[in-house]
Each structure stands twice: as structure tokens, then as C-alpha cells.
Amino acid sequence: MTIHDDPPASDDLFARLRQLWRWHDPMPADLVDRVIVTLATNTLSVEYAVLTMVESRGAPVGVRGVSEVQLLEFRHGSRSVMLRVSDLGDGRRRIDGWIAPASPLLVRLEQDDDDFTTAASAEGRFDFADIPAGRTRMWFQPDASNDGVGTSRQGFTTERFPL
């Protein structure tokens with residue numbers, strides 16, 4: 001058995017192909033910088049949603065007493081979602097939500113192993129009448145059944161937040 005120092009013919013072919021592509025279609029000089037910036041800013045909308053989350057506790061609810069209430073607001077691009085979270089007691093919550101600008105969206109609430117789904121009305125109103133407290137994430141997706149083009153519009157999600 002002999003050992004050859006020359007690379008196999010396929011390596012030579014690949015080297016020539018590589019050189020051909022470098023000559024005909026060179027990599028843009030700023031490609032590496034653009035990829036790094038894109039990766040670094042990929043989650044800015046999620047970070048902004050967390051930064052714009054507004055919380056208010058202890059607001060009066062109803063006429064018979066004071067209850068714990070949270071007001072949360074999330075923004076994504078030109079769209080905002082406001083949530084009014086009421087404490088029902090025994091670790092249960094009620095969520096009333098409004099989407100602006102108003103549009104019919106499918107709304108999914110995710111908590112660990114539980115998922116709850118509802119639909120926002122054409123006025124942007126939705127609610128979850130009775131859900132458990134816990135770390136929560138909400139998903140807002142266009143409702144394709146309403147106009148047939150829902151999949152062409154982009155949905156959005158919130159970061160996990162305590163409920």
C-alpha cells in the first residue's frame with residue numbers, strides 16, 4: 001500500500017469550482033457584519049414588547065369591593081394589545097383584551113402544558129373568562145376564515161409574563 005501526497009481529483013475539482021464561484025459571484029464585503037446585525041436585532045420586537053409592558057395593581061373593580069387588577073400593554077409595530085387581568089380568587093384570572101387597530105385575530109394563550117384559544121371580534125375585543133394564574137404567553141394570528149387572506153398578514157406573540 002502506498003500513501004499519495006497528491007489530493008484526489010475530486011478535491012482539485014472542488015477547489016476549481018470554489019475559485020470559479022469566488023470569481024463569478026464573490027461574497028459581499030459587508031456580509032458578515034450584516035448577518036451579525038440581523039441576528040442581534042432579531043428579537044428586538046420581543047424585547048420592546050417586554051419594555052412597554054405596563055402593570056397596575058390594586059385598581060377598584062365593581063361596586064362591592066376592591067380586587068387585584070393588572071393592566072398590561074404590548075406593542076408590535078403599529079399594533080398594540082391591552083389586557084385587563086382580574087383576580088377571580090383561588091388562583092384564577094379573567095382576561096379582557098383589546099387589539100388596536102381593531103381586527104379579527106385568533107388569540108391563543110399558552111401556559112406550560114395548557115392552551116386556551118379564543119377569537120377577537122372585528123372591533124378587536126376578546127376575553128378569557130376563567131384561566132389559571134401562571135407564566136403566560138399570548139399568540140395573535142390573522143383569522144383566515146374571515147377574509148381568505150389571513151395567512152398573508154403577519155401575526156405576533158408576546159414574551160412570557162406572569163399572570
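The values are calculated or read from the model by the stated rules, or taken from the named source; none is laboratory data. These figures come from a predicted structure and were not determined experimentally. Backbone-built Cβ (ideal geometry, glycine too); neighbour counts: all protein chains shown.
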(request) Having 2 or more residues that are of a type in the set (A, V, I, L, M, F, W, C) and modelled with pLDDT of 90 or more is the bar; report the strands (runs of 3 or more DSSP E) wholly within region 7-104 that clear it. (result) 79-89, 92-100
(request) Could you list, in sequence order, all residues of region 95-116 that are more than 19 Å from ARG160 (Cβ to Cβ), buried (at least 16 other Cβ atoms within 10 Å of the Cβ) and not hydrophobic (A, V, I, L, M, F, W, C)? (result) SER103, PRO104
